[in-house]
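These notes concern the structure reproduced below.
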Amino acid sequence: MRILVIGGGGREHALVWKLAQSPKVDKIYVCPGNPGMKNLAECVALPLTDLEAVADFAEKESIALTVVGPEATLVAGIVDVFNKRGLTIFGPTAAAAEIEGSKAFSKQLMAKYGIPTAFFKICEDIETAKAYIMEKGAPIVVKADGLAAGKGVVVAMTEAEALAAVDDMMGDLKFGGAGARVVLEEYMEGEEASLLAFTDGETIVPMVAAQDHKRVYDADEGPNTGGMGAYAPAPVMTDRLKEKCVELVLKPTIAAMKAEGRKYQGCLYAGLMIKGEDIKVVEFNARFGDPETQVVLPLLASDLVEVMLACAQGRLHEVKVEWSDSAAVCVVMASGGYPGSYEQGLPITGLAEANSLSDTIVFHAGTKEIGDTIVTAGGRVLGVTATGSDIRAAKDKAYAAVKLIDFKDAHYRHDIAWRALKDK
Ligand code: AMP
Ligand code: GLY
């Protein structure tokens, strides 16, 4: 069987790596892909702004399953285009992907169906937003409604910060049209966890819970990033809490989407805030998380192709999805300066040595090949991932691999998984 994966980051490298393990697979294409995937898949350049052309390619190459990584392509409607042509694709339609594409939509959905989340107000103009901030005071969270590459959220600890965020988003349109409408949200305290689930629109299969590390520096200091590392399973998500998340969040959300005529198929990502026994939804994403995917998929014991086909074909209830009981840790190696500006094109050494360590895989996120040399080509460059019998063992192996890799100004957090290990 031939497979097409859309995307080119660490998440997609992990998807390609896992899909390639299936005995069903003859060939994987990835668009645009990256050099880390080269021995697993053929990288192709398709115009992702022309979804009919992508579907033409899938038809011509007899692609049996297409898997979409990035939210923008889902929100743009790739699944609708493929469905219309009878092509099998894993992911939600544009209408269903709005659960990530519009924070206003997802908050209203949660309010309507009683799914636990922070109090909020949707603001269409600056005056309303500012008046609400003055009324509620700080801390308060300001969120651009639309897609902003993970940067459209300001957790404001003071009113002045919140007012400035509103000016940036609604006045200066810092995130373009995505910020023309904002959602103001009650500040939630607690520990975050990411619970991803496979779904065909009816059946829901939660994955192993993971925890991301959004801040750039050790001890969760510095600005937010796309994610500096992750680990799974996250002990904060006990079996009991996970069951609670399934009953109070995942099941009602999938049922709500169906009731709204937006049946949701693919991977649903619930970002959760946990405080004691209390869970609240921080956000939904319409796709796999990055870097969560790099730690969740290595723990999947089942055939990912089989699971994804079952989701796309509405028969997930037929498949038994199994997980290994080991743990995984991913340490992101980033460019110096990230999440601000950074240099690119810096040669990376030690990749082969790191990859040759047992239970270790270096997922590429922002890399490029120049001649025979792999060089940096993004903020997050590599996701150095290892599995082990427990988090401690996986962490030690991941950092042993990190130490073998080098590029100028490389920086990474030294404390990935600290919450899981703090009492040990
Ligand atoms: P989001 O894109 O909605 O996931 O927000 C990005 C990050 O901002 C989250 O992962 C949280 O760390 C933080 N955040 C978002 N909403 C809230 C909230 N209501 N209270 C506290 N922190 C939040
Ligand atoms: N790791 C956060 C995200 O994928 O949105």
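The values are calculated or read from the model by the stated rules, or taken from the named source; none is laboratory data. Quantities reported herein were computed from a predicted structural model and do not represent experimental measurements. A quick note on method: Cβ atoms are made from the backbone with ideal geometry, for glycine too, and the neighbour counts reach across all protein chains shown. Heavy atoms of the whole protein, side chains included, go into the accessibility calculation; ligands, DNA and RNA do not. Shrake-Rupley method; radii C 1.70, N 1.55, O 1.52, S 1.80 Å.
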Per residue and in Å³, how big is the convex hull formed by the alpha-carbon atoms of the chain? 138 Å³
Taking the Cβ-Cβ separation of ASP167 and LEU248 as r and a Förster radius of 45 Å, what is the calculated FRET efficiency to the nearest 0.05? 0.80
Mind listing the long-range amide H neighbours of ALA138? Cut-off is under 5 Å, sequence gap 5 or more, other chains count too, H placed in the peptide plane at 1.01 Å from N. GLU159
Quick one: putting +1 on the C-beta of Lys and Arg, -1 on the C-beta of Asp and Glu, what dipole do you get for the chain around its Cα centre, in Debye to the nearest 20? 540 debye
Ignoring ligands, DNA and RNA, what percent of the accessible area of the chain is carbon or sulfur (1.4 Å)? 51 percent
Residue-normalised value, i.e. accessible area per residue, for the chain at 1.4 Å probe, in Å², stands at 40 Å²
How large is the helix-only mean residue ellipticity at 222 nm for the chain, computed as the sum of -39500 (n - 2.57) over DSSP H runs with n ≥ 4, divided by its residue count, in deg cm²/dmol to the nearest 500? -8000 deg cm²/dmol
Farthest toward positive dipole pole in region 227-319 [+1 Lys/Arg, -1 Asp/Glu at C-beta], among GLY289, ALA232, ALA301: GLY289
Which whole-number percentage describes the relative contact order of the chain, with Cα contacts under 8 Å and a sequence gap of 6 or more? 16 percent
Over region 157-292, calculate the relative contact order: mean separation of alpha carbon pairs under 8 Å at least 6 apart, over the residue count, as a percent. 25 percent
Of LYS121/LYS422; LYS143/LYS275; LYS136/LYS422, which ones are farther than 30 Å apart at the Cα? LYS121/LYS422; LYS136/LYS422
Modelled label-to-label distance, ASN355 and ASP218, 7 Å Cα→beta-carbon offset: nm? 3.0 nm
